[in-house]
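Comments concern the structure below.
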Amino acid sequence: MNRIQVKDKFFVPFLDAHTIHERITDLAAQINEDYQGKETLFIGILNGSFIFASDLFKKISIPASISFIKLVSYKGTTSSGTVITSIGLEEDLSDKHVVLVEDIVDTGRTLTEFIPVLKKQNPASVKICTLLQKPDALLFPLQVDYVGFSIPNKFVVGYGLDYDGMGRNSGEIYQLAD
Ligand code: 5GP
């Protein structure tokens with residue numbers, strides 16, 4: 001792996017494809033064990049999670065379905081000032097075991113605001129599976145159930161993650177150069 005340029009910034013190698021795939025195999029094995037006998041709905045959060053969700057889902061051996069949503073936040077009248085809603089969720093969630101699949105949890109704001117919205121549809125359970133988490137950046141009390149890699153608080157791209165729309169099309173993950 002060499003350093004790459006995405007738009008005006010340089011990025012250095014951080015996680016290679018083999019390391020990512022080995023970790024995803026472990027995560028899938030854990031999920032397969034935890035959800036034995038339970039029909040599970042995976043919900044991938046677009047755009048960033050599409051590659052991770054696809055690689056993870058291929059390794060899921062329990063009965064499962066998958067759907068993708070986009071989260072949209074707009075100014076509302078809640079205490080935090082924003083309201084978050086999803087586009088694209090057509091499934092009836094009642095009594096379903098939901099695994100939310102995210103590329104990266106940073107401050108935790110997005111999921112902290114979205115999970116109560118999701119729970120209004122009465123799923124049997126909701127868990128979060130993220131490929132990456134930046135523990136030092138967490139500002140909201142979010143419980144993340146499955147974490148691929150805990151990483152430093154530095155901007156990363158590749159494997160679905162973008163910088164200004166670009167850089168998603170890499171099988172590896174790169175970190176912003178100093
Ligand atoms: P949160 O609501 O947890 O602060 O933000 C999560 C979202 O922020 C992610 O889904 C992602 O879109 C974006 N994000 C946070 N950190 C990074 C990063 O290092 N790289 C990229 N590409 N996106 C990030």
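The values are calculated or read from the model by the stated rules, or taken from the named source; none is laboratory data. Just so you know, these numbers come straight off a predicted model, no measurement behind them. Don't worry about glycine lacking a Cβ; one is built from the backbone with ideal geometry, like all the others, and counts go over all protein chains shown.
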Only one of A124, A64 that is surrounded by fewer than 16 Cβ atoms within 10 Å (Cβ to Cβ), aliphatic (A, V, I, L, M) and modelled with pLDDT of 95 or more
A124
Listed residues T110, T25; which is of a type in the set (S, T, Y), out of contact with any helix residue (DSSP H, G or I) (no Cβ under 8 Å at 6 or more places or on another chain) and within 16 Å of the ligand (Cβ to nearest atom)?
T110
Sole miss for I115 among (1) away from the ligand (no atom under 13 Å from the Cβ); (2) farther than 18 Å from L27 by Cβ is condition (1)
Where I87 falls short, out of the listed (1) within 23 Å of D55 (Cβ to Cβ); (2) more than 8 Å from the ligand (Cβ to nearest atom); (3) of a type outside the set (K, R); (4) without any contact (Cβ under 8 Å) to a residue 24 or more places away in the chain
(1)
Test: T40 is of a type in the set (S, T, N, Q) and more than 16 Å from the ligand (Cβ to nearest atom):
yes
